[in-house]
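Following: one structure in structure tokens, then a few remarks.
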Amino acid sequence: MQHFRVKFFVQPDLRPDLGAAIPVFHRWIQESRLEEMLIDVADYRHVPGGPGVLLVAHDAFYSLDQAEDRLGLLYTRRTELEGSTQEKLRHAFAAAARACAELEKEPEFAGHLVFSGAECEFSVNDRLLAPNTEETWNLLRPELHALLDSVWGAGSYRLARAGEARDVFRVSAQCETPANLNLFLAG
Amino acid sequence: MKASNPLWKDRLQHQIPPDLGSEIDIFEHEVQLRKQGKIDEKVFAETRLRRGAYGQRYDNGHRHDGVTERTLTYPATEATKGPNTLWDAPGMQRIKIPYGGLDAVQLERLAEVAEEYSDGIAHITTRQDFQLHFVHIEDTPPLMRRLAAVGITTREACGNSVRNVTACPVAGVCRTQTFDVTPYAKALTYFLLGHPDCQDFGRKFKIAFSGCRDEACGLVRMHDLGAVAVTREHNGTTERGFELYVGGGLGTVPQQARLFSEFLPEAELPPIAQAIARVFARLGEKKNRNTARIKFLVSKLGLDEFKRLVMEERGSLPHDDRWTAFLADVPNYQEEPLKPPSLLQLGPEAPEGFAEWRRTNVYEQRQTGYVTITVALPLGDITSTQLRQLANIARKYVKETIRTTVEQNIVLRWVSEGDLVDLFNDLKAAHLAQPGAGTILDITACPGTDTCKLGISSSRGLAAELRERLAATAYEMDEAVRGLHIKVSGCFNSCGQHHACDLGFYGVSRNKGGYTVPHFQVLLGGQWQNNAGSYGLAIGAVPSKRIPETVERITSRYLEGKSNGESFHAWTRRIGKAACKAMIEDLTSIPSHDENPDFYIDWADARKYTIGDIGVGECAGEVVSPIDFQLAACERKAFEAQLALEKGEVEVAARTAYESMLEGAQALVGLRETAPSDPDEVVAGFRKHFFDTQLFYDPFAGPKFAQYFLKAHERRNQTISADRAHQLIEEAQLFIEASHSCHTRMSAQAAKAQPVS
């Protein structure tokens, strides 16, 4: 299984100026702030429900995604990763959480951008490897539980499949108590 | 690269037409061979272009990050997919949509591939194609297979081939059409696709269809080959045919297409197109890409000789049943509505925004009770999610009668008018009910510096900024202004079609105090109507950050100065170019970097626009170097040439245009030696220091602009036609732009050699 996507949501009462992400992401490129080779920044603020501002890396996209009118940081793994499904899963969650933590620290967003560590959405961006079916759900549910049990604690969260058959495989995850995003950083 | 790539072939083997499948198999094999270094990179580059797989900005592995030029170290460090194009660098995939026609399944498949191989955005181009960006070359074969399985091909979407055949998006439902051109556009598309006579062009070949002459429709007159539907009475029957145009084009030297035939019988359309293709392939320029479009061949031969050769070729063509086979189906060609016709019964409380949306986005069809609605897409972008939502809507309200438009929108045809409110609500839920289609808000823009290798300024950044500002005042805007068209290109290559609109802009740059400043050349008074009936002319370059003010000023002056019902085009022609230029004169100034550093950063960017390591030299601040003055004088002179041409003073116009180039060259030569005054000595100096050394060469256009000057010098004493004088003025402007660029590069190199602390 490859090409995992993870989205952490911005706290709902916050409405940050997405334009501020443009200088931030350019600075990340200058400073090689993330582990991937960063290439460019794309501005999609004009597209309602779109990727907002997109940081393009060779291996992944990072976007301030506004799909379904919920702002969040979406990490999309583009290239293949070595390792077990669990390792790849943890890598994706950690990469997304790291980007969120970095964004929160940026002066352009001071206080205006806070991500929730208690809710996220997971998806697999490959309909052939992971159609949005019960079979994929059965395959990935134990993996997601293994990860989330270690982060949020067993029995403290709910998982639910999302989307329709033609969508990519999607799962929403919600912790019943507040949780710190940094818990995902360990990978 | 996607892990599932190897699996798609088997999965889709029964869904892909064998010929398409075989072509993609071959392409996939070529991808592998190139990866192993077994195919020459130039050959592979043209191969992938003919499959629509294009290069993208920074694919040479270098990018200036605002501080320094950075090497992008892709995993496959040595491998290339073309000259100076790294294997792992993201690329663009263009997808042909003949005449813009789509169904719901195709929308869903486009959504899938945009999401899985690109960034979840599908971009509609100014020629009714789709484009996906940031695509890996090894993902392109499965991407193509998935599209082929729903009847979409990327074949010949780029490269020296017949590009997407475009047509009026309301063909068949248009109130003013002569007849529906759709079946003809479709037939010609598939007749020429992969045709052996279309495989040896020196450049691309673009075809468009229009159902009527006077509307914008297919913008026929800016195409290599354009067909306008006409009929004639013959022996008591009405015959269908086409007013055929040839040799139009935009780009660096825009030309209006010329009338090839006032009435070409419908049965003659495929064979004449084939004959034209053969003449173009045989006699068109092959070595110099800059003069390889068919417009140059038509100009070189003259229309009469070109026609003679085409008709001679037509006479020798072996018969092909496909020339006329499609005609049997033409009388039966008719899209069907999903629902019976109905009239809108608007209750007392229409949804918020409905009235404005209806005013701008709804077109009453020739068929009573039906309307075509436009889904206005900002900058032509739509998300994968929206594509799926639109597919649902297309199934719910129409029989999947969907088309893309050259204004980068999507239309749904055959909506029963009574469904409008429900449809509006569904579109609104998908964020697809933006009003302003076909108005000043509906700005067209090419990708520009966002992703295009040739982009000079941020066309999309500017378009987004203008759109946002204009939308804020849209409700109080005068109708005359609201109806204007704005188009933006990132460079002179005109992909944003900046010539064919009221206010056009194309990206250029200027040098100020050792910094490079993003600018846009302003063009006024082009015509969108009459199938791009006339082109706008440049009146001056304005810093990018002053373009919104420029638009505001020009539109205000138009409102103040226009007489009753006077169009923008007519107004600009009446007041003349000198007055147009004077209107923006003060806006052309550039504040110093210290005074306003924002001018030195492009729209939607945070990086310094300069080639970064240009130091602040002695010319910094308020001091302007002599060459800046000299080049500004050249621009004025080129403008005077335009004015002379406007007055009908052809000889004066040509001489002045030539002199503007000569003075530009003289200014450059003056950087290397004492500037000579004798024209031959200027040319000799220019050759020695700038042409032979390739210092003047444009990074992408090569020697083209220098050759404009050298050719003009050689021919300076020859008698000249008005057409040629017009072309010479365009060339002079480009030569002066290239002189600015050359000076900027020299400044950058000097700063590198001796950095200033």
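The values are calculated or read from the model by the stated rules, or taken from the named source; none is laboratory data. Owing to the predicted nature of the structure, the values given are computational and were not obtained by experimental measurement. Cβ coordinates were reconstructed from backbone atoms using ideal geometry, including for glycine residues, and neighbour counts include every protein chain displayed.
In table form, for the structure just shown:
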| item | result |
| --- | --- |
| Among (1) surrounded by fewer than 19 Cβ atoms within 10 Å (Cβ to Cβ); (2) more than 10 Å from every other protein chain (Cβ to nearest Cβ) - the single one A:Glu31 does not satisfy | (2) |
| Residue tally, condition facing chain B (nearest Cβ under 7 Å) and assigned to a loop (DSSP other than H, G, I, E, B), over region A:56-68 | 1 |
| Residue selected from region A:1-28 under the condition touching a strand residue (DSSP E or B) at 6+ places or on another chain (Cβ under 8 Å) and in a helix (DSSP H, G or I), by the criterion surrounded by the fewest Cβ atoms within 10 Å (Cβ to Cβ) | A:Gly19 |
| Yes/no for A:Val53 being under 17 Å from the mean Cα position of the chain (by Cα), facing chain B (nearest Cβ under 10 Å) and closer than 25 Å to A:Arg90 by Cα | yes |
| Scan of region B:570-596 for residues that are in contact with a Phe, Trp or Tyr (Cβ under 9 Å, 6 or more places away or on another chain) and either within 17 Å of B:Leu645 (Cβ to Cβ) or part of a helix (DSSP H, G or I) (or both), ordered by number | B:Trp571, B:Thr572, B:Lys577, B:Ala578, B:Lys581 |
| Residue satisfying all of: in region B:430-473; over 14 Å from the mean Cα position of the chain (by Cα), among the aliphatic types (A, V, I, L, M) and under 24 Å from B:Leu390 (Cβ atoms); farthest from the other protein chains (Cβ to nearest Cβ) among these | B:Ala437 |
| Filter result (of a type outside the set (Ser, Thr, Tyr) and crowded, with 23+ Cβ neighbours inside 10 Å) within region B:395-410 | B:Val398, B:Ile402, B:Arg403, B:Val406, B:Glu407, B:Gln408, B:Asn409, B:Ile410 |
| The one condition in (1) more than 12 Å from every other protein chain (Cβ to nearest Cβ); (2) within 25 Å of the chain's Cα centre (by Cα) that B:Arg395 fails to fulfil | (2) |
| Given (1) in contact (Cβ under 8 Å) with a residue 12 or more places away in the chain; (2) outside any helix (DSSP H, G or I); (3) among the charged types (D, E, K, R), number of the condition B:Arg70 does not satisfy | (1) |
| Flag for A:Ala95 being away from chain B (no Cβ under 14 Å), of a type in the set (A, V, I, L, M), farther than 30 Å from B:Cys452 by Cα and assigned to a helix (DSSP H, G or I) | no |
| Of all residues in region B:584-613 being in contact with a helix residue (DSSP H, G or I) (Cβ under 6 Å, 6 or more places away or on another chain) and within 27 Å of B:Met477 (Cα to Cα), the one that is surrounded by the most Cβ atoms within 10 Å (Cβ to Cβ) | B:Ala604 |
| Yes/no for B:Ala111 being within 13 Å of chain A (Cβ to nearest Cβ), closer than 20 Å to B:Gly159 by Cβ and surrounded by 23 or more Cβ atoms within 10 Å (Cβ to Cβ) | no |
| Qualifying residue in region B:125-142 (condition: away from chain A (no Cβ under 14 Å) and among the aromatic types (Phe, Trp, Tyr)) | yes |
| Qualifying positions in region B:721-757 - at pLDDT below 90 and outside any helix (DSSP H, G or I) | B:Gln754, B:Pro755, B:Val756, B:Ser757 |
| Total residues in region A:136-168, condition under 20 Å from A:Thr85 (Cβ atoms), without any contact (Cβ under 8 Å) to a residue 12 or more places away in the chain and of a type in the set (Gly, Ala, Ser) | 2 |
| Selection within region B:523-548 - touching a residue at least 60 places away in the same chain (Cβ under 8 Å) and either within 16 Å of the chain's Cα centre (by Cα) or closer than 16 Å to B:His726 by Cβ (or both) | B:Trp528, B:Asn531, B:Ala532, B:Gly533, B:Ser534, B:Tyr535, B:Leu537, B:Ala538, B:Ile539 |
| Sole residue being touching a residue at least 12 places away in the same chain (Cβ under 8 Å), hydrophobic (A, V, I, L, M, F, W, C), out of contact with any Asp or Glu (no Cβ under 6 Å at 6 or more places or on another chain) and within 13 Å of another protein chain (Cβ to nearest Cβ), chosen from A:Leu71, A:Leu18 | A:Leu18 |
| Every residue from region A:74-84 that is more than 12 Å from every other protein chain (Cβ to nearest Cβ) and buried (at least 18 other Cβ atoms within 10 Å of the Cβ) | A:Tyr75 |
| Residue in region A:134-187 that is nearest to the other protein chains (Cβ to nearest Cβ), counting only those that are within 20 Å of A:Leu74 (Cβ to Cβ) and more than 18 Å from the chain's Cα centre (by Cα) | A:Arg166 |
| Residue list for region A:100-121, restricted to those being closer than 24 Å to A:Thr177 by Cβ and in contact with a Lys or Arg (Cβ under 7 Å, 6 or more places away or on another chain) | A:Cys120, A:Glu121 |
| Residue, modelled with the lowest pLDDT, within region B:1-20, restricted to residues that are within 15 Å of B:Ile152 (Cβ to Cβ) and loosely packed, with under 15 Cβ neighbours inside 10 Å | B:Asp19 |
| Some residue of region B:200-212 being touching a helix residue (DSSP H, G or I) at 6+ places or on another chain (Cβ under 8 Å) and among the basic types (Lys, Arg) | yes |
| B:Ser509 more than 19 Å from the chain's Cα centre (by Cα), within 30 Å of B:Phe134 (Cα to Cα) and among the small types (Gly, Ala, Ser) | yes |
| Residue within region B:47-60 that is crowded, with 22+ Cβ neighbours inside 10 Å, assigned to a helix (DSSP H, G or I) and at pLDDT 90 or above present | yes |
| Residue list for region B:82-97, restricted to those being within 14 Å of another protein chain (Cβ to nearest Cβ) and under 30 Å from B:Ile410 (Cα atoms) | B:Pro90, B:Gly91, B:Met92 |
| Cβ pairs under 8 Å, 6+ apart, first in region B:1-16 and facing chain A (nearest Cβ under 10 Å), second surrounded by 14 or more Cβ atoms within 10 Å (Cβ to Cβ) and of a type in the set (Phe, Trp, Tyr) | B:Lys2/B:Tyr117 |
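Yes or no, residue by residue, for (1) farther than 28 Å from B:Arg573 by Cβ; (2) part of a loop (DSSP other than H, G, I, E, B); (3) within 14 Å of chain A (Cβ to nearest Cβ):
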position	(1), (2), (3)
B:Leu420	yes, no, no
B:Phe424	yes, no, no
B:Phe492	no, yes, no
B:Gly496	no, yes, no
B:Pro518	yes, no, no
B:Gln521	no, no, no
B:Gly526	no, yes, no
B:Asn530	no, no, no
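So that you can scan it fast, the table gives a plain yes or no per residue for (1) of a type outside the set (A, V, I, L, M, F, W, C); (2) farther than 30 Å from B:Leu379 by Cβ:
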position	(1), (2)
A:His46	yes, no
A:Leu54	no, no
A:His58	yes, no
A:Leu74	no, no
A:Glu82	yes, yes
A:Phe109	no, no
A:Arg127	yes, no
A:Pro131	yes, yes
